[in-house]
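Student: One structure, pasted below without further comment.
Read the figures in this text as sums done on the coordinates, not as results from a lab. Note that the structure is predicted; figures quoted are calculated from it, not measured. So basically every Cβ, Gly included, is an ideal-geometry build from the backbone, and we count neighbours across all protein chains shown.
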Amino acid sequence: MSSSSPAADLATELLAEIFILCLPTNTLRPATGLLRPHFIVPSAADAPLLLCAVCRRWRSIATGLATLWTSLNSQDILNPELVEVWLARATTHGLSLRIATPVDPAGRFMITIPVHPPALLSPGQYRFVMHRHLPVLLPLIYRCKHLEIVDWPLPGVFTRQVPAAPELETLSVAVRCNDTGAAAWVSRLIAQAPNLIHLHWQGPPTAETWERLTHVSWDINENCEHIEQKLAQLAIGCVQHLRIELYRWDEDQLFFGSETIIYSLPTVTTFSRQLLTSYPSPI
């Protein structure tokens, strides 16, 4: 940047505030009240990486400003060193992380040639690009305020010890409908996340109760008995915003059972429902 540019005279503190405003922000889902965290995809065309390319001073300010680096979508990152550098710049701040399997433009999952697997994974599990990041990302869950895991197909995330998550406020998990191991892992995570209030769940039944949640987005592909149990929990809980998706295999048969299940949810102020004709991919 030219030294004659007006921006060159701005104080470091003011530039730091401007840099923060360049980042995308979290939003509320229309008509549901559900928080939708934004996870930053690293790109040289967008902040914060773009800010580092303007001039030496801007790079120094941006790389030293931890709040620019607290959000990360790891889905399309092929270089694990970028993940390490990005999160190192976040220092000890709370994080927003999205862990997902990359897809190519045609919508297929990207399978890579296996390289030497990290200690946390067996060679049979280490097939996808995202696996390269797991040894860095998973130990940081305890610092997450917002966490999204899209596990399709299973990369072995849910076979590990479940960390305590004292900072976690929003959790979104999408797994295969028969992955009971993932459901058990998520149940234990919810139990160790005292500040969790926003939950989006797509997968098999979870054992952990949902009474303390205030925002629930629930893609129902479960058995009728378990749905009744969860509705009973919500009926005595404090959920205020509820969104559900129901799956239909044909015109007459609901996948989850009877449509006559009715519960009074006295605390709910916002409710939305969508009926789908096929079970979607979590991606």
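Student: Tabulate in residue order the Karplus-calculated ³J(HN,Hα) for the range 65-76, using 6.51 cos²θ - 1.76 cosθ + 1.60 with θ = phi - 60°, rounded to whole Hz; enter x for Gly and Pro.
Tutor: 9, 4, 5, 6, 10, 8, 10, 8, 9, 8, 4, 10
Student: Let's test the formula: R0 of 35 Å, r as the Cβ-Cβ distance of Glu211 and Gln274. What FRET efficiency results, to the nearest 0.05?
Tutor: Once rounded, the FRET efficiency stands at 0.90.
Student: Let me ask something else about it. Rounded to the nearest 0.05, what FRET efficiency is calculated for Asn79 and Cys238 with R0 set to 25 Å and r the Cβ-Cβ distance?
Tutor: Approximately 0.05, to the nearest 0.05.
Student: List the chymotrypsin sites (Phe, Trp or Tyr not before Pro) in the range 189-241 that DSSP assigns to loop (not H, G, I, E or B) and whose Cβ has at most 13 other Cβ atoms within 10 Å. Which are they?
Tutor: none
Student: Take the Cβ-Cβ distance between Glu228 and Leu14 as r, set R0 to 45 Å, and report the resulting FRET efficiency rounded to the nearest 0.05.
Tutor: That gives a FRET efficiency of 0.20.
Student: Magnitude of the Cβ-charge dipole of the range 178-248, K/R +1 and D/E -1, about the Cα centre, nearest 20 debye?
Tutor: 180 debye
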